[in-house]
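Step one of this worksheet: look at the structure below.
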Amino acid sequence: MSEYRVLGIETSCDETAAAIVTSKAADGARFAPGKLRILSQALVSQIEDHSPYGGVVPEIAARAHLDILDSLVRRALDDAGLTLEGIDAFAATAGPGLIGGVLVGVMTAKALALVTGKPFLGVNHLEAHALSVRLVEPVTFPYLLLLVSGGHSQFLAVEGVGTCRRLGTTIDDAPGEAFDKVAKMLGLGHPGGPRVERRARDGDPQRFPLPRPMVGRPGCDLSFSGLKTAVRQTVEKLGRPTEADINDLCASFQEAVAGCLASRTRAAIRLFSERHGTGRPLVIAGGVAANTRIREALDAVARDCAMTFHAPPVSLCTDNAAMVACAGLERLALGLTDPLDFKARPRWPLDPDAPPSIGAGRARA
Ligand code: KG4
Ligand code: ZN
């Protein structure tokens, strides 16, 4: 049994993180999906630094990453009981994201690679989300992925490492952004997703009839801005919403997002099956994949379509460095290491052949 250890770094938005992941593949192979172990994880969120401004401020983010990253790398090594010599490669998110922060992570990983003489891996943040499920489950290619986060919303056919085909995307907002904006309207604070989900638990999902944008249209594109506007109009009509109103509105909004995603996933499955046949896995990833109601809705669709459903553990859905280390391990296993002059990229679509999507490359990667 050979063991490979990769140190991953994540700095593309408002989380600074370092993690060490090891793969225990059979001799000769460096990577086997589902056979990974997280040896250590150190993560610090900058939510407090940005909260006075109501959103992520790029300059503050970059400075905060710079201040803390070294100590997180040290902590990840200490917690794993390792020194730099025990690491086989250094991976960092090299885009897409807020470029100041991305540069901090990339420069740190390159410096560590240089002093140890070990390989550097520039990881696409979206690919890290896309492959994150393989950290914990033996999901094989190809699979249909719904990637839903604060800045992205895409259906992808994940055909292999570095090979994704986009089947559909949002034509306006990402669902995480809609969760965050709805939370703001209701005075629930940031980040909105977990707060809306908590309030929705005590609410009535049927009370407010909200639209299900794009449902029934050809293709599998998504849209969330109309839903957000409908919530705004409902809040205005309510005047001063009571605690019960807020709970009901959160539940109704969450139900509408889950309904849209489920319905559009059925359409995406039809498109995916044309090329890859039936019975392949359905995977959800990204921050919004942490939502229990949305996971349930997709699980039901998968069962209906004779597909298996897979989602990373909640802690690996939102931005983290273990998924970066995992994607790094996958690339290392294929010999896909990067030179030290590899450039960080503010925009970096997973499917280079897909037309640019509206909203891609926003502040939240
Ligand atoms: O993947 P992520 O950490 O960062 C990006 O790459 O965007 O996703 C963050 C987004 C935020 O918009 C947050 O509100 C949303 O994911 N989110 C959730 C939940 N937890 C995080 N949305 C719905 N329900 C949740 N439980
Ligand atoms: Zn992310």
One residue from V257, V324, V288, V283 being part of a strand (DSSP E or B) and either within 16 Å of ligand 2 (Cβ to nearest atom) or outside the structural domain of R30 (by TED's automatic domain parsing) (or both): V283
Selected residue (criterion: farthest from E255 (Cα to Cα)) from residues of segment 227-239 that are open to solvent by 20 Å² or more (accessible area, probe 1.4 Å) and touching a Leu at 6+ places or on another chain (Cβ under 9 Å): L238
Conditions (1) surrounded by fewer than 21 Cβ atoms within 10 Å (Cβ to Cβ); (2) touching a residue at least 60 places away in the same chain (Cβ under 8 Å); (3) over 18 Å from the mean Cα position of the chain (by Cα): number failed by P313: (3)
Residue pairs meeting the criteria (Cβ under 7 Å; at least 6 apart or on separate chains; first touching a residue at least 60 places away in the same chain (Cβ under 8 Å) and over 17 Å from F179 (Cα atoms), in segment 237-265; second in a helix (DSSP H, G or I) and open to solvent by less than 40 Å² (accessible area, probe 1.4 Å)): T265/L298; T265/V301
Total residues in segment 291-310, condition more than 22 Å from A178 (Cβ to Cβ), open to solvent by 60 Å² or more (accessible area, probe 1.4 Å) and assigned to a helix (DSSP H, G or I): 2
Options L210, L126, L121: the member that is of a type outside the set (D, E, K, R), more than 10 Å from ligand 1 (Cβ to nearest atom) and touching a residue at least 60 places away in the same chain (Cβ under 8 Å): L121
Some residue of segment 145-167 being open to solvent by 10 Å² or more (accessible area, probe 1.4 Å), away from ligand 1 (no atom under 16 Å from the Cβ), over 13 Å from P33 (Cα atoms) and basic (K, R): yes
Test: V182 is more than 16 Å from ligand 2 (Cβ to nearest atom) and crowded, with 24+ Cβ neighbours inside 10 Å: yes
Pairs with Cβ under 8 Å, 6+ apart, first in segment 55-67 and assigned to a helix (DSSP H, G or I), second open to solvent by 40 Å² or more (accessible area, probe 1.4 Å): P58/I99; P58/A363; I60/D49; I60/Y53; A61/D49; A62/L103; A64/D49
Hey, V231 modelled with pLDDT of 95 or more and within 16 Å of ligand 2 (Cβ to nearest atom) or not: no
Residue within segment 167-178 that is away from ligand 2 (no atom under 16 Å from the Cβ) and touching a strand residue (DSSP E or B) at 6+ places or on another chain (Cβ under 6 Å) present: yes
Index of the failed condition, E48 passing every other in (1) touching a residue at least 24 places away in the same chain (Cβ under 8 Å); (2) open to solvent by 30 Å² or more (accessible area, probe 1.4 Å); (3) closer than 30 Å to G100 by Cβ: (1)
Residue in segment 25-41 that is over 30 Å from A178 (Cα atoms), among the acidic types (D, E) and part of a strand (DSSP E or B) present: no
Flag for G151 being within 15 Å of ligand 2 (Cβ to nearest atom) and assigned to a loop (DSSP other than H, G, I, E, B): yes
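The values are calculated or read from the model by the stated rules, or taken from the named source; none is laboratory data. For clarity, every value in this text was computed on a predicted model and none was experimentally measured. No Cβ is skipped: glycine too gets one built from the backbone with ideal geometry, and neighbour counts run over all protein chains shown. Only protein heavy atoms, including side chains, enter the accessible area calculation; ligands, DNA and RNA are left aside. Shrake-Rupley method; radii C 1.70, N 1.55, O 1.52, S 1.80 Å.
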